[in-house]
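The values are calculated or read from the model by the stated rules, or taken from the named source; none is laboratory data. Values in this document were obtained by computation on a predicted structure and should not be read as measured data. SASA here: full protein model, heavy atoms, side chains in, ligands and nucleic acids out. Shrake-Rupley method; radii C 1.70, N 1.55, O 1.52, S 1.80 Å.
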Amino acid sequence: MGGMGVSSASSIVELSRRKSRYHDQDALLRGFVGNAGCTAKEVAVEVLDWKYEQYSNSPKRAFDLQALGYLEQMPGKLCRHTGKRAHTYQITEKGLEHLRSLGLSLPPPVVTSVVKTDTELMKSNLSRLRDLLK
């Protein structure tokens, strides 16, 4: 009987983990509405205000959403938060239909005031490094 309790407990933990994952997937998908061309981490931080644990898993959730056909991969760019080259995405019509099927209201598009090119971001990072080394 004790074995069943352990098994049941681990099943409950796994179920709650999966629900959390799907919740994060849906939240990340919703964050891409009006934010095409952003990386998963940019959406996680700038739109969803996620902290480290969720933020660090955002590329995995974006990959899952792409596999489901809810996100479409776009050309990569340097991420504003990591400074590393990363995939960018845009939500697909299938993704929008999924959000509607959940009864989620779609937020108004978020307009980013300044979009830095890879070159501008590299110059900015170099400038910050020089300041730190002074």
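Quick look at the numbers
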{"item": "Nonlocal amide H pairs with residue 71, under 5 Å, H built at 1.01 Å", "result": "66, 92"}
{"item": "Most to least accessible of 23, 98, 81 (protein chains only, probe 1.4 Å)", "result": "23, 81, 98"}
{"item": "Amide proton proximity set for residue 88, modelled H, under 5 Å, gap of 5+", "result": "74, 76, 77"}
{"item": "Heavy atoms of residue 61 accessible to a 1.4 Å probe, total area in Å² rounded to 10", "result": "40 Å²"}
{"item": "Residue order for 52, 70 - accessible surface, 1.4 angstrom probe, largest first", "result": "52, 70"}
